[in-house]
Amino acid sequence: FLDAARRLGFAEEPDKNAGSAPGVGLVPGNSVDGVRIDAATAYRPRTVRGDAPVERVLFDGDRARGVELAGGEVVEAGEVVIAAGAIGTPRLLMRSGIGPGLRVDLPVGRGFSDHPAVFLPFADTDPPAHPHAPGSPVALNWDAGADPAGDVEVLAFVRPFVAGGPLHLMCALQH
């Protein structure tokens, strides 16, 4: 994938988190032995409560001290880790007074973009990826005119979504 993109004239993008011009490069990710490490796994052995919608984060001054759940229950904590997703996290922070023009004036929710995507299955004659390889190690981003930072993305998934299934290219718009 990298070689094909280079042969087509796409520039190298060695660090996808650096904010440089779009191009082709490896995708940084949190994985161990090919398994994505989510927030619940990364923060073990801390207590993680599922199915407990949070209404707002509670503070003592500038330090988070716990959360108030949607049903009114208060959960005190020595440390609060928010992992509510790309939409839920900014919403929760703003309900808690953190955001543009709020108690703590930070650019929460700014620069937010949606990523509508289509997955295109394909067959490959190469040997299967090593079982410890990340699922999507490479991406091509380019500027189609709407955003100079790159508004089109193609990710190559080197492992099937289901055992024995096809590989996929994910084609997404960034806007």
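The values are calculated or read from the model by the stated rules, or taken from the named source; none is laboratory data. Computed from a predicted model, the values in this text were never measured in an experiment. Neighbour counts run over all protein chains shown; Cβ positions are idealised from the backbone, glycine included. All accessible areas refer to the heavy atoms of the entire protein, side chains included, with ligands and DNA or RNA removed. Shrake-Rupley method; radii C 1.70, N 1.55, O 1.52, S 1.80 Å.
For this structure, a couple of remarks:
- Between 49, 65, 56, the distinction of being without any contact (Cβ under 8 Å) to a residue 60 or more places away in the chain and touching a helix residue (DSSP H, G or I) at 6+ places or on another chain (Cβ under 8 Å) belongs to 56 only.
- Any hit, region 116-138, residues being touching a Phe, Trp or Tyr at 6+ places or on another chain (Cβ under 6 Å), hydroxyl-bearing (Ser, Thr, Tyr) and under 30 Å from residue 11 (Cβ atoms): yes
- Long-range neighbours under 9 Å by Cβ, at least six apart or interchain, first residue closer than 18 Å to residue 63 by Cα within region 82-107, second among the hydroxyl-bearing types (Ser, Thr, Tyr) and at pLDDT below 90: 83/43
- Test: residue 19 is open to solvent by 40 Å² or more (accessible area, probe 1.4 Å), out of contact with any Phe, Trp or Tyr (no Cβ under 9 Å at 6 or more places or on another chain), part of a loop (DSSP other than H, G, I, E, B) and without any contact (Cβ under 8 Å) to a residue 24 or more places away in the chain: no
- Boolean, residue 3 is in a loop (DSSP other than H, G, I, E, B) and acidic (Asp, Glu): no
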